[in-house]
Amino acid sequence: EVVLVGCGAPNRGMGWYHAIQMLEGRCPSASLDYIIEGWFLGPGAEGPGGPEFNEWATETAAKYGTNFLSSVSDLPDPAQPRVALISGRTADNPRLLGECIEAGCKCIYLEKPGAPTVEELQGMKDVAEEAGIEVLMGYNKNVCKYVRKTREFAETVPDSHVTFVSNNAYENTPESLGECFERNAE
């Protein structure tokens with residue numbers, strides 16, 4: 001059971017791209033059962049992007065049976081093991097992580113950068129560890145040309161397998177994370 005928290009606008013939001021991958025079967029072991037979208041299903045429903053999101057939500061619910069909710073607290077009890085993919089606003093993610101744990105999620109994929117500060121990330125880590133919940137941090141270089149070209153080539157070779165290993169050039173210190181947080185200023 002997969003819950004996407006923070007879908008965003010069709011063709012623009014990172015969460016929407018995650019949704020499309022699951023809905024179109026690119027993640028065959030995952031069923032996207034719930035999409036939580038607090039803005040477009042709430043105060044932003046009539047604003048820019050709201051009508052387009054709600055049209056997409058109606059079509060998606062009809063085609064795939066995916067349930068759309070405006071809050072994590074609206075989720076029913078899990079019917080099977082539940083994973084959350086949090087792709088909300090960075091500033092909301094600490095709260096959303098706690099809500100997902102309360103909603104019975106046993107594993108959480110947290111889209112980068114995860115939280116506005118290193119201290120908040122550490123607090124989130126502590127909350128998850130205390131609850132016995134696994135949290136995975138997203139990092140996606142799939143938009144890079146060399147990754148795309150490698151994947152395209154691998155698709156032409158029967159039974160091929162490609163593994164990417166990234167050696168982050170940043171030092172493992174809070175001071176080196178400035179660029180990450182500057183690009184996601186909210």
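The values are calculated or read from the model by the stated rules, or taken from the named source; none is laboratory data. Everything numeric in this text was worked out from a predicted model, so none of it was measured. Note that we place each Cβ from the backbone using ideal geometry, even for glycine, and neighbour counts take in every protein chain shown. For the accessible areas, the whole protein counts, side chains as well, though only heavy atoms, and no ligand, DNA or RNA atoms are used. Shrake-Rupley method; radii C 1.70, N 1.55, O 1.52, S 1.80 Å.
Observations on the structure shown:
- Positions within the range 54-94 being under 22 Å from Ile108 (Cβ atoms) and free of Cβ contacts under 8 Å to residues at least 12 places away in the same chain, in sequence order: Pro76
- The range 125-137 residues that are open to solvent by less than 70 Å² (accessible area, probe 1.4 Å), paired with ones that are outside any strand (DSSP E or B) (beta carbon under 6 Å, 6 or more apart): Ala131/Ile101; Ile133/Ile101; Val135/Ala128
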